[in-house]
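> Please see the structure below; I have some questions.
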Amino acid sequence: MHNPILIIGACGQIGTELTFELRNKYGAENVIASDIREGGEALMQSGPFELLDATNYSAIEDVVMHYEIDEVYLMAAMLSATAEKFPMRAWNLNMNSLFNVLNLAKDKKISKVFWPSSIAVFGPNTPKNNTPQNTIMEPSTVYGISKQSGERWCEYYHKKYGVDVRSVRYPGLISWKTMPGGGTTDYAVEIYHEALKKGSYECFLDSDTELPMMYMDDAIRATINLMDSPSEKIKVRSSYNLAGMNFTPKQMAESIAKHIAGFEIRYAPDFRQEIADSWPSSIDDAAARREWGWEPRFDLAQTTEAMLKNLKG
Ligand SMILES: NC(=O)c1ccc[n+]([C@@H]2O[C@H](COP(=O)([O-])OP(=O)(O)OC[C@H]3O[C@@H](n4cnc5c(N)ncnc54)[C@H](O)[C@@H]3O)[C@@H](O)[C@H]2O)c1
């Protein structure tokens, strides 16, 4: 039997699917979902749930003690586009929630932590193509600054206090069960919904904006593989580069048009274009492949097929 797991921010785009998968693997009662709000019906009915504010240390500690939690997956955060509108709220949430969980591990109240970073840790001065694991990181968004600081603190808590914290830099994630929560890559989910509803989509990024992306099944598999790997294999304690596929809005539209005849895309770039322009186009994830066996399964054509099939129901 697996030790009890707590997911904080379980009702979001990633948390929802992570909760389902961990419950499948370890049993519903062993996986406590929590969030500041209630989630979708399927999630709420799938096992134990606690209303929990990730910025409240003693509330998290109470839940950890009550359920004898051993591992925490911290998914609560304010994402890139929303964070540009509320910089201080984003900083408070993204940093305080991380300190709360790292400090629980430092005090040996939990033994393992997963905390996601993002391709937003990179900035306009980072090499754009095949961005290396270790490179220039000068993020120009509030979100990216919080993720880069978070990475440094994870590494520090591991070196200084022996905290077993593990992390990946997720690219933009594409999923059908839950809508995305205010990121710069949200177009890559919205487009499928609009394609099925209206046969057209107005994209908030320009046609040739190439970004690293990943289908959610790959992201969940990567997360659980990383957490299951023996500690000595995990050499990177800031965060691992993780790659799935790269494409532009134009390429995505072409892949949808193969299934929906006459699908049309228009481009109306907004403030998110500047954020996207500061991020890599593709990622070198050799360290994750070498150290814990990472390998993606979904390319753009397979993602489009899976998205359209599942959204049609
Ligand atoms: N989705 C992506 O494409 C992507 C890419 C890179 C990194 N990430 C990272 O992965 C993590 C999860 O992202 P997501 O896409 O699922 O985000 P999301 O916005 O869909 O979900 C975040 C969840 O956190 C909850 N939350 C907000 N404030 C909270 C608080 N104070 N206490 C408890 N819960 C709170 C929200 O209610 C929401 O359910 C974040 O750290 C994000 O930065 C996501």
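> I need the strands (runs of 3 or more DSSP E) fully contained in the range 1-91, keeping only those with at least 2 residues that are open to solvent by 20 Å² or more (accessible area, probe 1.4 Å), out of contact with any His (no Cβ under 6 Å at 6 or more places or on another chain) and of a type outside the set (D, E, K, R).
49-51
> If you don't mind, there's one more thing I want to ask. Any chance you could count how many residues in the range 268-285 are among the hydrophobic types (A, V, I, L, M, F, W, C) and part of a loop (DSSP other than H, G, I, E, B)?
Number of matching residues: 3.
> Can you list the strands (runs of 3 or more DSSP E) lying wholly within the range 125-209 that have 1 or more residues being within 26 Å of Met307 (Cβ to Cβ) and charged (D, E, K, R)?
168-170, 200-203
> Shifting gears a bit: Identify the single condition in (1) part of a helix (DSSP H, G or I); (2) in contact with a strand residue (DSSP E or B) (Cβ under 8 Å, 6 or more places away or on another chain); (3) open to solvent by 20 Å² or more (accessible area, probe 1.4 Å) that Ile265 does not satisfy, given that it satisfies every other one.
It is condition (1) that Ile265 fails.
> Hey, among Tyr170, Tyr143, which residue is near the ligand (Cβ under 9 Å from one of its atoms), open to solvent by 10 Å² or more (accessible area, probe 1.4 Å) and under 25 Å from Asn56 (Cα atoms)?
Tyr143
> Regarding the range 119-127, can at least one residue be identified that is within 12 Å of the ligand (Cβ to nearest atom) and either basic (Lys, Arg) or in contact with a helix residue (DSSP H, G or I) (Cβ under 6 Å, 6 or more places away or on another chain) (or both)?
yes
> Taking the condition of being aliphatic (A, V, I, L, M), within 9 Å of the ligand (Cβ to nearest atom) and at pLDDT 95 or above, how many residues in the range 173-219 meet it?
8
> Could you tell me how many of the residues in the range 1-53 are away from the ligand (no atom under 13 Å from the Cβ) and among the polar types (S, T, N, Q)?
Matching residues across the range 1-53 total 5.
> Here is a follow-up. Do we have Ser118 as modelled with pLDDT of 95 or more, surrounded by fewer than 17 Cβ atoms within 10 Å (Cβ to Cβ) and touching a strand residue (DSSP E or B) at 6+ places or on another chain (Cβ under 8 Å) here?
So Ser118 does not fit the description; no.
> Next question. May I ask you to say which residue of Tyr67, Tyr73 is aromatic (Phe, Trp, Tyr) and within 12 Å of the ligand (Cβ to nearest atom)?
Tyr73
> Restricting to the range 222-243, give me the number of residues that are in contact (Cβ under 8 Å) with a residue 40 or more places away in the chain, open to solvent by 30 Å² or more (accessible area, probe 1.4 Å) and out of contact with any Gly (no Cβ under 8 Å at 6 or more places or on another chain).
Residues flagged as in contact (Cβ under 8 Å) with a residue 40 or more places away in the chain, open to solvent by 30 Å² or more (accessible area, probe 1.4 Å) and out of contact with any Gly (no Cβ under 8 Å at 6 or more places or on another chain) within the range 222-243 amount to 3.
> Considering only the range 150-161, I want to know if a residue exists there that is closer than 16 Å to Glu71 by Cα and either within 18 Å of the chain's Cα centre (by Cα) or open to solvent by less than 10 Å² (accessible area, probe 1.4 Å) (or both).
Yes, the range 150-161 contains a residue that is closer than 16 Å to Glu71 by Cα and either within 18 Å of the chain's Cα centre (by Cα) or open to solvent by less than 10 Å² (accessible area, probe 1.4 Å) (or both).
> If you go through the range 220-233 one residue at a time, do you hit one that is part of a loop (DSSP other than H, G, I, E, B) and out of contact with any Leu (no Cβ under 7 Å at 6 or more places or on another chain)?
So far as the range 220-233 goes, yes, one or more of its residues are part of a loop (DSSP other than H, G, I, E, B) and out of contact with any Leu (no Cβ under 7 Å at 6 or more places or on another chain).
> Which pairs turn up if I take residues in the range 29-46 that are closer than 21 Å to His2 by Cβ and look for partners that are surrounded by fewer than 22 Cβ atoms within 10 Å (Cβ to Cβ) and at pLDDT below 95 with beta carbon separation below 8 Å, at least 6 apart in sequence or on another chain?
Asn30/Met1; Asn30/His2; Asn30/Asn3
> Restricting to the range 178-213, count the residues that are of a type in the set (D, E, K, R), in contact with a Ser or Thr (Cβ under 6 Å, 6 or more places away or on another chain) and either open to solvent by less than 10 Å² (accessible area, probe 1.4 Å) or farther than 23 Å from Ser281 by Cα (or both).
Total meeting the criteria: 0.
The values are calculated or read from the model by the stated rules, or taken from the named source; none is laboratory data. Remember, predicted model here, so these are calculated numbers, not experimental data. Heads up, the Cβs are rebuilt from the backbone with ideal geometry, glycines too, and the neighbour counts pull from every protein chain shown. Only protein heavy atoms, including side chains, enter the accessible area calculation; ligands, DNA and RNA are left aside. Shrake-Rupley method; radii C 1.70, N 1.55, O 1.52, S 1.80 Å.
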